[in-house]
Amino acid sequence: MADETDENKTRKNGLYVDVSVELAENMKQGWADTERCDLEPIAQAPYTARRRAALSARFPGELLVVPAGNPKVRANDTDYPFRPSSDYAYLTGDQSQDSVLVLQPDADGKHLAVAYLLPRSDRENGEFWRDYHGELWDGRRNSLTENERLLGLPCRDIRTLAKRLAEATGPIRLLRGYDTGVDAALDHKVTAERDAEFRVALSEMRLLKDEFEIADLRHACQATARGFEDVVRFLGTDAPTAERAIEGRFWMRARTEGNDVGYASVCAAGAHATTLHWVRNDGEARPGELLLIDAGVESSNLYTADVTRTFPVDGRFTPVQRKVYDAVYAAQSAGIAAVRPGAKYRDFHHAAQRVLTEHLASWGLFGERSVDEAYELGLYRRWTLAGTGHMIGLDVHDCAKARTELYVEGTLETGMVLTVEPGLYFQLDDLTVPAEFRGIGVRIEDDLLVTDEGNENLSADLPRAADEVEAWMARLRG
Ligand code: GLY
Ligand code: MN
Ligand code: MN
């Protein structure tokens, strides 16, 4: 909110400028009533209600506070694009900045959920156009009544929250770290330990996806597949293509079919593919090289896919590229086969890494050591580098605060969604591998829904096997 109080000044390009009394008066009048009475609840509303009920049951009698968060300043009066905290979005379906969900304990041992939001801009006091975030500049907001219809819960003016929190008594839990004002207001009423428990509980609730989330993740994966197809059509077969142009091509799909990309896209050609977090994307993809793209469309409800494909820029794998690719493909297939309800979470990781170790051993990379020995000692990790997967959802690395016993040392259950993404990465300067391997990086990553029968590959619109990848590229290029 602007802190300028002078009646006759308003803010423009970050600076305050004087306005006449006549203009200030003029701007108060002549605006139509645009209140909408035709709004239906968002499709997610019944699901967010169930999620809030589950959270309520977990913390009876406690006041629960989940902020959306504040925009982050980039410089002066420009902010980074806003994205709400994932837990706020999960519990409300709303994406507006500075909002706060409060679950107030009631007499029945349940909670009344209230969303505190910024209402429409006041025309009378000039907030509409003189405030930096007034609707004239940032666009029309929903009124509180409109939001009540859309979100399916009572909505109040965020400017009344400070008083509500100041008066709050009894046990309180806060999702800290998103809203500096709320953190400060509750600082002496909460404890770090209890808030940490709250954060863990929220993360663990999200381990099992409901029908809405699964449908949204399926859409995100399908849109991601279309983004990969866009890239293949876009790639030059005779001339180099800039990695950033590739990134931009995928991003266009993400912005068209979803909200954004769910994380910074890795567009890594040639030896760049051996750098797991290659997001500089300042090189170029040349015919004859492999191109590794790790990218995911984030849906308009903020659920993200996380998919990697590695393919030859000119459409045909060389024999050595295919050798490495086939090893990763075999490892990923073994990993995917291990994804089923009742399996330990780590099973798919061990299955994939074991297959990679066998291939590395067959290429003589462990010298005299046996596969078992190399596996026990973890020697394969020089070339496999990362774990084999993680949960996805509202965050690309979803549920990261869940307790170890429920996640990495837990058991897979129907309704979980996770990636399986083994890879082999031979650095350019790695003298321990044959020269022909140096500078080759391959990862294949798919998004798996655990089902009663085993799993469903949500990203199966994209081919995985080398022959199928070549045929897919040839088909797209006509
Ligand atoms: N794209 C991030 C990951 O694969 O985990
Ligand atoms: Mn990825
Ligand atoms: Mn991943």
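Which of the residues belonging to region 408-426 are over 15 Å from residue 303 (Cα atoms) and crowded, with 20+ Cβ neighbours inside 10 Å? Once the filter is applied, which keeps residues that are over 15 Å from residue 303 (Cα atoms) and crowded, with 20+ Cβ neighbours inside 10 Å, region 408-426 yields 412, 420, 421, 422, 423, 424, 425, 426. Say whether the condition of being in a loop (DSSP other than H, G, I, E, B), on the phi < 0 side of the Ramachandran plot and touching a strand residue (DSSP E or B) at 6+ places or on another chain (Cβ under 6 Å) is met by at least one residue in region 108-116. No: region 108-116 contains no residue that is in a loop (DSSP other than H, G, I, E, B), on the phi < 0 side of the Ramachandran plot and touching a strand residue (DSSP E or B) at 6+ places or on another chain (Cβ under 6 Å). Total residues in region 250-277 satisfying the condition of being over 27 Å from residue 325 (Cα atoms) and in contact with a Ser or Thr (Cβ under 7 Å, 6 or more places away or on another chain): the figure is 2. Please work out if residue 438 is among the charged types (D, E, K, R), in contact with a helix residue (DSSP H, G or I) (Cβ under 9 Å, 6 or more places away or on another chain), farther than 17 Å from residue 325 by Cβ and surrounded by fewer than 21 Cβ atoms within 10 Å (Cβ to Cβ). So residue 438 does not fit the description; no.
Listed by position, the strands (runs of 3 or more DSSP E) inside region 1-91 whose residues that are at pLDDT 90 or above number at least 1 are 63-67, 73-75. Specify the residue that is nearest to the chain's Cα centre (by Cα); the eligible residues are those in region 395-409 that are more than 16 Å from ligand 3 (Cβ to nearest atom) and part of a loop (DSSP other than H, G, I, E, B). That would be 401. Between 367, 441, 423, 387, the distinction of being more than 23 Å from residue 337 (Cβ to Cβ) and within 16 Å of ligand 3 (Cβ to nearest atom) belongs to 441 only.
Between 145, 169, the distinction of being of a type in the set (Val, Ile, Thr), at negative phi and modelled with pLDDT under 95 belongs to 169 only. When the test is whether a residue is away from ligand 3 (no atom under 16 Å from the Cβ) and of a type outside the set (D, E, K, R), residue 412 passes it. From the list 328, 279, the lone residue that is touching a strand residue (DSSP E or B) at 6+ places or on another chain (Cβ under 8 Å) and without any contact (Cβ under 8 Å) to a residue 40 or more places away in the chain is 279. Restricting region 300-317 to residues that are small (Gly, Ala, Ser) and away from ligand 1 (no atom under 16 Å from the Cβ) leaves a set whose member that is surrounded by the fewest Cβ atoms within 10 Å (Cβ to Cβ) is 300.
The values are calculated or read from the model by the stated rules, or taken from the named source; none is laboratory data. The structure presented is a predicted model; accordingly, all values stated were derived computationally and were not measured. Because the Cβ atoms are built from the backbone with ideal geometry, glycine has one as well, and the counts that use them run over all protein chains shown.
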